[in-house]
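Read through the structure below, which is laid out as structure tokens, and then see the notes.
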Amino acid sequence: MSKEIEIVLVEDSVDDAEITIRALKKVNLANKLVHLEDGSEALDFLFATGKFAGRELTAQPKLLLLDIKMPKVNGIEVLRTIKSNEATRNIPVVIMTSSGEDKDMVESYNLGVNSYVVKPVQFENFSKAIMEIGFYWLLINKTPVG
Amino acid sequence: MKKLNYFSFRGLSLKKRLPLLICLLLLAIVIIFSWASFFGVKRAALNIAKDRLHVLSKQLSSMSEQSAAIVINASRALGNNVSIKEHLKSGGKDSAEQSLQALKNTRFDSSWVYTELLDLYGKPVLRSVRIHKEYLAPLLDSTLATAFTPMDSFKVGKIYFLNDTMYYPIITAVTDNNHYLGYLVRWKMNLANSKSVQQFAELLGAHAAFYLGNDDGGLWTNGVNSFPGAPVDTASVNNLFEYTNFNGDMVIASVQPVANTHWLILVEFSRKALLEGTYGFLKWIIIIAAILIAIGIIVTHLMSKSITAPLNKLIEATSSIAAGNYSASVEVNRNDEVGKLAHFFNKMAEQINYAQINLEKKIMERTAQLEKANKELEAFSYSVSHDLRAPLRAINGFSMILKEEYAAQLGDEANRLTDKIISNAKMMGQLIDDLIAFARLGRKDINHGRVDMNKIVHSVVAELTPQQSENKYCFRIYDLPACYADENLIRQVWVNLVSNAIKYSSKRSDPLIEIGAEKVKGVFQYYIKDNGVGFDMKYADKLFGVFQRLHNQSDFEGTGIGMALSKRIINYHNGGIWAEASPDKGATFYFSIPESNIV
């Protein structure tokens, strides 16, 4: 767990996660990626609690890919916790969801999401979107963190 | 032009109409009744007066007759005086002294002013005069002027006035064994004075007048004064007649002849005096009628008020209910028809109130149910959009990975099957997106505004026209009028219509698509016409149903939602959408949006 993490993928669907990771791997961005399966795991990871107790908090990830609809703690709640906490507020969060609901989008932006992406059904489009997100946030975007 | 406002009985309120009607009725009855009774009383008064007049005149006549008979008999007795007879027989020679003494004796009081003995030819033979002869000369002349005949004897003669004194002669014949010897004429002066005349008149009754007159009608007297004659002719004797007397009063009069005399008796009643009581009666009737009408007005006013007051309450309560206050009721404590009306009105109002409360409760319940159902539907569509898409993305994704990374290891058939999986997954993704768009429309707020149809159509056509292949499509777009609608929704309709037109004419070598608008019955109808495959009109009713398709998926791809969505959008604008087509000859789709489409 001492390894530096660049991307945290919070996705309950293993299939979506696999496709996402595969797309990132193609452009060589998945080396420093951790996949978490629900919101509570994500919070444990970010705040070094639960099974991630002891994780060093000095280096926060460069990108948090967050699904909305997840068991236990959903993406919106994770987003709220992150953005209301001094230590995690600057982590770039990109919501990736199947739902194009206005309600979710409005709430996410109100909570300070950095980007909101509706997952395209088409594999080509999906892969392309994932790659572009990875490029932008890891290589182009600069954050005070890390 | 303003219509003149005439008085209208129907325009009056019941409260005014009822008393007015009853008062008019009362007035009519009172007038008719007063008039009839006034005339009845008047006639009765006149009849009584006439009877009295008749009886009075008859009595006075017979009284006078008796008086006349007494004086005539006295004269007759004188005529039987032997000396007088002798004197006449002898031609005025014998017994002159005795005869004169007999004549003198007839003037036993001062009223007998003059007695004269005449021979058969009317020539004076002897006379006895109380006062100076010259003073009575006119009377004597008139006696001489009288043509004496046996017919005139034993009668009281005509009345004469001399120096305001009434005189009358009593003429009797002197006979001897039925042989006429001569005539005896005695003049009497009437000694009555005005006081006795007045007393006599009072005896007759108020406003009555009594007159004596000569039978030639030339002179009338009340015994003291002479008056101009009343218009008496022979026909009116024994009858009642009316005339205006010398005083100018209308009088009813009765005239009777007096037997044994040349006199007439006239009794007059003043008409005005007779009818004084009747007019007094009329006055009372008018006063009573006025009181009756006043009472009638008050009673009917109170009555109509007692009827209209609860009616007004009912009107108030009804208008209150009409205004939406369903708890209104009227308080009327009566058992008549109005009371019953109020009672049932209250029951009705109660029922309405109950029904209204019930309805509101039901509406609230239903609204809550609907809201709940709507929420569930929202949650459902949310789940569909999220949960159906995730596995689809997996199917699509893994198939693509299979195709990209293991194509070489798979056979041709396996690759073909993989393609099939991919295209079906793609199709299903489209289906889900369309379905969500369709479901979302129900929850969307419509933003009305002026929509520039030309701009929209040109941009939609430019967007949808296939770019890659050489452009074989020919578009003919006419000027389109603007409409008032939600621009995004109308754009969606054009997208569906234009893409359909392109899709179904894609197999033509020279696809032609015409877009325009025409005004029918004041409403613009937009149309899009293609020369594509068209469809059979017997399936036209399926055109706008969800998931309804008229072509095979292998011929033309589609989800069967586009037209259903378009219809739903047009319905939101209160418009209409329909199509005309025939197989292989193309189709024309029409839609119209009324100007006042805001729901």
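The values are calculated or read from the model by the stated rules, or taken from the named source; none is laboratory data. All values reported here derive from a predicted model rather than from experimental measurement. Methodologically, a virtual Cβ is constructed for each residue, glycine included, from the backbone with ideal geometry; neighbour enumeration extends over all protein chains shown.
How many residues are among the β-branched types (Val, Ile, Thr) and under 30 Å from B:LEU100 (Cα atoms) if we restrict to the range B:183-218?
So the answer is 1.
Are any residues in the range A:46-65 of a type in the set (A, V, I, L, M, F, W, C), in contact (Cβ under 8 Å) with a residue 24 or more places away in the chain and either surrounded by fewer than 17 Cβ atoms within 10 Å (Cβ to Cβ) or out of contact with any strand residue (DSSP E or B) (no Cβ under 6 Å at 6 or more places or on another chain) (or both), and if so, which ones?
A:LEU46, A:PHE47, A:PHE52, A:LEU57, A:ALA59
Write out, first by first residue and then by second, each pair whose Cβ atoms fall under 7 Å of each other, whose residues are 6+ apart or on separate chains, and whose first residue, in the range B:97-108, is under 15 Å from B:VAL82 (Cβ atoms) while the second is among the small types (Gly, Ala, Ser).
Pairs that qualify, where the first residue is under 15 Å from B:VAL82 (Cβ atoms) and the partner is among the small types (Gly, Ala, Ser), are B:GLN98/B:SER83; B:SER99/B:SER83; B:LEU100/B:SER128; B:ALA102/B:SER83; B:LEU103/B:SER128.
Go through the range B:172-218 and count every residue that is β-branched (Val, Ile, Thr) and either without any contact (Cβ under 8 Å) to a residue 24 or more places away in the chain or assigned to a helix (DSSP H, G or I) (or both).
1
Output the residue which, of all residues in the range B:381-419 that are within 30 Å of B:ARG440 (Cβ to Cβ) and among the aromatic types (Phe, Trp, Tyr), is farthest from the chain's Cα centre (by Cα).
It comes out as B:PHE398.
A:ILE68 - would you say it is under 20 Å from A:ILE133 (Cβ atoms), within 14 Å of another protein chain (Cβ to nearest Cβ) and either in contact (Cβ under 8 Å) with a residue 40 or more places away in the chain or buried (at least 20 other Cβ atoms within 10 Å of the Cβ) (or both)?
It is true that A:ILE68 is under 20 Å from A:ILE133 (Cβ atoms), within 14 Å of another protein chain (Cβ to nearest Cβ) and either in contact (Cβ under 8 Å) with a residue 40 or more places away in the chain or buried (at least 20 other Cβ atoms within 10 Å of the Cβ) (or both).
Evaluate the range B:439-451: report whether one residue or more is surrounded by fewer than 16 Cβ atoms within 10 Å (Cβ to Cβ) and at pLDDT 85 or above.
yes
Output the strands (runs of 3 or more DSSP E) that fall wholly within the range A:1-86 and possess 1 or more residues being in contact with a Pro (Cβ under 6 Å, 6 or more places away or on another chain), or say none.
By residue number, A:7-10, A:63-66.
Find the residue count for the range A:1-16, including only residues that are within 14 Å of chain B (Cβ to nearest Cβ), buried (at least 16 other Cβ atoms within 10 Å of the Cβ) and over 11 Å from the mean Cα position of the chain (by Cα).
Going through the range A:1-16 one residue at a time, the tally reaches 3.
Restricting the search to the range B:255-302, which residues are among the aromatic types (Phe, Trp, Tyr), crowded, with 16+ Cβ neighbours inside 10 Å and under 30 Å from B:ASN222 (Cα atoms)?
B:TRP263, B:PHE269, listed by residue number.
Tell me, which residue of the range B:183-199 that is surrounded by 15 or more Cβ atoms within 10 Å (Cβ to Cβ) and out of contact with any Gly (no Cβ under 7 Å at 6 or more places or on another chain) is farthest from B:ARG130 (Cα to Cα)?
If we take residues in the range B:183-199 being surrounded by 15 or more Cβ atoms within 10 Å (Cβ to Cβ) and out of contact with any Gly (no Cβ under 7 Å at 6 or more places or on another chain), then B:TYR183 is farthest from B:ARG130 (Cα to Cα).
Return a yes/no flag: does the range A:103-117 have any residue that is more than 29 Å from B:ASP434 (Cα to Cα) and buried (at least 19 other Cβ atoms within 10 Å of the Cβ).
No: zero hits.
Being within 14 Å of chain B (Cβ to nearest Cβ), part of a helix (DSSP H, G or I) and either surrounded by 17 or more Cβ atoms within 10 Å (Cβ to Cβ) or of a type in the set (D, E, K, R) (or both): is that true of A:LYS128 here?
Considered against the rule, which asks whether it is within 14 Å of chain B (Cβ to nearest Cβ), part of a helix (DSSP H, G or I) and either surrounded by 17 or more Cβ atoms within 10 Å (Cβ to Cβ) or of a type in the set (D, E, K, R) (or both), A:LYS128 comes out as yes.
Can you name every one of the helices (runs of 4 or more DSSP H) wholly within the range B:335-446 that holds 3 or more residues which are among the aliphatic types (A, V, I, L, M), more than 14 Å from every other protein chain (Cβ to nearest Cβ) and more than 29 Å from A:ALA17 (Cα to Cα)?
Hits in the range B:335-446: B:337-383.
If B:ASN552 passes every condition in (1) more than 60 Å from the chain's Cα centre (by Cα); (2) at pLDDT 85 or above but one, which one does it miss?
Condition not satisfied by B:ASN552: (2).
So, in the range A:22-37, exactly how many residues are buried (at least 19 other Cβ atoms within 10 Å of the Cβ) and within 12 Å of the chain's Cα centre (by Cα)?
Of the residues in that region, 2 qualify.
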